[in-house]
Amino acid sequence: MAKNSRDGNRERAARRRAALAERGIKQVLLMAPEQAHPLLKQAASLMIRDDDPLEPRAALRRAGGANEPAPDEVSPDLAVELEAAKARIVEVERQAEARLAIVIEASERRRRALEVEQERVRASAEEAQKAAKSAQEAEERVTAAQRRAEKAEAAIRQAKALPGIKGRLVRFLAGDVLK
């Protein structure tokens, strides 16, 4: 039995078919569109491989490019993981909402504090304006009083400078005021 002889090839093919038949795999002639041939060949090779053969549905899905298992084939472990993930997502959303509520409340308190501070500043500004106005009025009164005092002083100097008896009488009566 030579390697590439007709008898050797037949015997090798017979042994291969027998090994596949023991695993429940049977050769089938199939008619399909030409575009489907590579996919069907790939799926068939996935189903008949010696190490870790795939079941027909999984092999066809993998050959067709689908990554997700069919909905009726979700494993219980995967379902438990999905439920746990959903629970974690819900918990994270709840925590995010709680944090958001805290941030909103803090910003509201800050806004109220700023409004109170703004009102205080407004009141202080009004008081400062009133104080400035009264200071200006007081300054005007002082200026007026100073002008009157200067006029009075000028009048006293004139009276003090009077000649004769009138001047002496004024100087005597005024006394210390003129010094």
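Would you point out the residue of the range 144-162, among those that are part of a helix (DSSP H, G or I), in contact with a helix residue (DSSP H, G or I) (Cβ under 8 Å, 6 or more places away or on another chain) and of a type outside the set (K, R), that is surrounded by the fewest Cβ atoms within 10 Å (Cβ to Cβ)?
Here is the first cut: in the range 144-162, the residues part of a helix (DSSP H, G or I) are 144-160.
Right, trim to in contact with a helix residue (DSSP H, G or I) (Cβ under 8 Å, 6 or more places away or on another chain) and you get 156, 159-160.
Next, only the ones that are of a type outside the set (K, R) stay: 156, 159.
Numbers: I156: 14, A159: 16.
Top of the filtered list is I156.
Would you pick out the residues in the range 20-47 that are assigned to a helix (DSSP H, G or I) and more than 23 Å from R62 (Cβ to Cβ)?
A21, E22 - these are the residues of the range 20-47 that are assigned to a helix (DSSP H, G or I) and more than 23 Å from R62 (Cβ to Cβ).
Listed here are the residues, each with its yes/no results for (1) under 30 Å from H37 (Cβ atoms); (2) at pLDDT 95 or above.
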| residue | (1), (2) |
| --- | --- |
| L60 | yes, no |
| G65 | yes, no |
| P69 | yes, no |
| A87 | no, no |
| R110 | no, yes |
Residue in the range 90-97 that is surrounded by fewer than 10 Cβ atoms within 10 Å (Cβ to Cβ), of a type in the set (G, A, S) and more than 30 Å from A21 (Cβ to Cβ) present: no
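I'd like to know if the range 121-136 contains one or more residues that are in a helix (DSSP H, G or I) and on the phi > 0 side of the Ramachandran plot.
Step one: filter the range 121-136 for residues in a helix (DSSP H, G or I), giving 121-136.
Now drop any that are not on the phi > 0 side of the Ramachandran plot, which leaves none.
No: zero hits.
The values are calculated or read from the model by the stated rules, or taken from the named source; none is laboratory data. For clarity, every value in this text was computed on a predicted model and none was experimentally measured. For neighbour counting, all protein chains shown are included, and Cβ atoms are generated from backbone atoms with ideal geometry for every residue, glycine included.
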